[in-house]
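**Q** Quick one: structure below, then a few questions.
We did not get these values from a lab; they are worked out from the coordinates using the rules stated. Here the structure is a predicted model, which is why all the values come from computation and not from measurement. Every residue, glycine among them, receives a Cβ derived from its backbone with ideal geometry; neighbour counts consider all protein chains shown.
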Amino acid sequence: MSLSIFQTVGVYYLFKWMHFIFGIIWIGHLYYFNFTQMPSFAEMDGATKSNNIQKLVPRALWWFRWGAMFTFITGLVMLLMWGNMNGHGVYKTSWGINILTGSALGTLMFLNVWLVIWPAQQIVIASATAVAQGQPALPEAAAAGARAMLASRTNTLFSIPMLFFMGAASHLPLQVGPESNFGLLFLVLAVVLGAIEWNAVKGSKLGPLASVKGVIHAGLGLAVAMYLLVEVLVRV
């Protein structure tokens, strides 16, 4: 008799367990950066801030980006395994709609980490290091810092509805039927999320994301708006 952990469902659970651990590392650091580090850096003198950028930020970013990487990988494996275990029709169920919506948000967040935040922060760290060594600051550092901040704030915004839909997959079923228009649902969500993501990559203004209170309120508002859209559109 084989141990349950070596059966397919056991392997699936191992990936879910790892997904939780890596997700806590990732989102925990995301909230640290936005709720603790950014406000603290705004109050520090130049020398203290520079020292933290050189010594603290690189270490935190290491855990942050690799937490994101392995959260994404384990989540993808789980998503594919569940479809193979239960049939690909499961993606058109309440579970599928919720988990795919959450996954779309998580994927955008993952891409922001590796393609926007990390490259921009490398410039900021290199500039702080150069100044500490008596060299001039990199001219692109200020723009890179602003770009990283906007993408990080956007990820914080996305994280609130992302966690809502991940939890809703198992705990808040939708009324999904054979007549549900999945194409319209995902088209509307793609437009909404695409517009926000475009601002994260190409925009320059934080708007309501400028403050901790603003990003929390905006995230809650986005979660409510997306939930209402999903509830309405699955019945169209």
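**Q** Take each of the peptides 129-135, 19-25, 162-168, average the number of other beta-carbon atoms within 10 Å over its residues, and list them starting from the highest. Each step should come with its number before you reach the end.
**A** Values: 129-135: 11.7, 19-25: 16.7, 162-168: 20.1.
In decreasing order of mean packing, 129-135, 19-25, 162-168 become 162-168, 19-25, 129-135.
**Q** OK, next. Below 25 Å Cα-Cα, how many Lys pairs turn up in the chain? Only count pairs eight or more apart in sequence, or on different chains, if you could. Don't jump to the answer; show the numbers that get you there.
**A** Details: Lys16/Lys92; Lys49/Lys205; Lys49/Lys213; Lys202/Lys213; Lys205/Lys213.
Final tally of qualifying lysine pairs is 5.
**Q** Related question: Taking Rh as the Kirkwood radius, which is the inverse of the mean 1/r over Cα pairs, what is the Rg/Rh value for region 71-161? Each step should come with its number before you reach the end.
**A** On the way: Rg = 18.9 Å, Rh = 15.4 Å.
That ratio equals 1.22.
**Q** For Ser170 paired with Ala130, estimate the spin-label separation in nm (one decimal), with each label point 7 Å from Cα along the Cα-to-Cβ line.
**A** Inter-label distance under the simple model: 4.8 nm.
**Q** Which of the peptides 200-209, 113-122 is most tightly packed, and how do the rest follow, judged by the mean count of other Cβ atoms within 10 Å per residue?
**A** Working: 200-209: 14.6, 113-122: 19.0.
Output ranking for 200-209, 113-122: 113-122, 200-209.
**Q** Say each of Val232 and Phe41 gets a label point 7 Å from the Cα, pointing the same way as Cα to Cβ; how far apart are those two points in nm?
**A** 3.8
**Q** From the Cα trace of the chain, what convex hull volume per residue do you get, rounded to a whole Å³? Don't skip to the answer; put the middle values down first.
**A** Details: hull volume 30.2 nm³, N = 236.
Convex hull volume per residue, Cα atoms: 128 Å³.
**Q** Rounded to the nearest 500 deg cm²/dmol, what is the calculated helix-only ellipticity per residue at 222 nm for the chain, with -39500 (n - 2.57) per DSSP H run of length n ≥ 4? If you can, show how the numbers build up before the last one.
**A** Values: 9 runs with 178 residues, N = 236.
Computed mean residue ellipticity for the chain: -26000 deg cm²/dmol.
**Q** Measure out, as a whole number of angstrom, how far apart the alpha-carbon centroids of region 1-50 and region 93-172 sit.
**A** 13
**Q** Compute the FRET efficiency between Met81 and Lys213 as 1/(1 + (r/R0)^6), taking r as their Cβ-Cβ distance and R0 = 25 Å, and round to the nearest 0.05. Please report the intermediate quantities before stating the final value.
**A** On the way: r = 39 Å, r/R0 = 1.57.
The computed FRET efficiency comes out at 0.05.
**Q** Are there DSSP H segments in the chain that both extend 24 Å or more along their axis (alpha-carbon positions) and score a mean Kyte-Doolittle hydropathy of at least -0.5? List them, or say none. Intermediate values should be presented prior to the final figure.
**A** Working: long enough: 8-31 (34 Å, 1.10); 57-86 (43 Å, 0.80); 94-112 (28 Å, 0.98); 141-171 (44 Å, 0.78); 182-202 (29 Å, 1.84); 212-233 (31 Å, 1.76).
Span-like helices, by this rule, are 8-31, 57-86, 94-112, 141-171, 182-202, 212-233.
**Q** Which one of Val11, Thr48, Leu115 is farthest out on the positive end of the charge dipole of the chain, using unit charges on Cβ (Lys, Arg +1; Asp, Glu -1) and the Cα centre as origin?
**A** Of the listed residues, the answer is Thr48.
**Q** If you don't mind, there's one more thing I want to ask. Just the C-alpha atoms of region 120-236: what Rg/Rh do they give, with Rh taken as the Kirkwood radius? Spell out each step's value before the answer.
**A** Working: Rg = 19.1 Å, Rh = 16.5 Å.
Ratio of gyration radius to Kirkwood radius: 1.16.
**Q** Which value, in debye to the nearest 20, gives the size of the charge dipole of the chain about its Cα centre, when Lys and Arg are +1 and Asp and Glu are -1 at the Cβ?
**A** On the way: 12 positive and 6 negative charges, 36 e Å.
Around 180 debye, computed over the chain.
**Q** Give the calculated FRET efficiency between Ser50 and Leu206 to the nearest 0.05, with a Förster radius of 22 Å applied to their Cβ-Cβ distance. Can you show the working numbers first?
**A** Working: r = 23 Å, r/R0 = 1.05.
After rounding, the FRET efficiency stands at 0.40.
**Q** Sticking with this structure for a sec: Can you classify region 168-233 as rounded, prolate or oblate using the Cα gyration tensor, where a ≥ b ≥ c are the square roots of its eigenvalues, rounded means a/c under 1.5, and otherwise it's prolate if a/b beats b/c and oblate if not? Spell out each step's value before the answer.
**A** Values: a/c = 3.68, a/b = 1.73, b/c = 2.12.
In terms of gyration-tensor shape, oblate.
**Q** Can you give the FRET efficiency to the nearest 0.05 for His88 and Val192, using r as the Cβ-Cβ distance and R₀ = 35 Å?
**A** Details: r = 26 Å, r/R0 = 0.73.
Calculated value: 0.85.
**Q** Any chance you could tell me what percent of the C-alpha pair distances in region 1-65 go past 20 Å?
**A** Values: 999 of 2080 pairs.
Summing the P(r) of region 1-65 above 20 Å gives 48 percent of all pairs.
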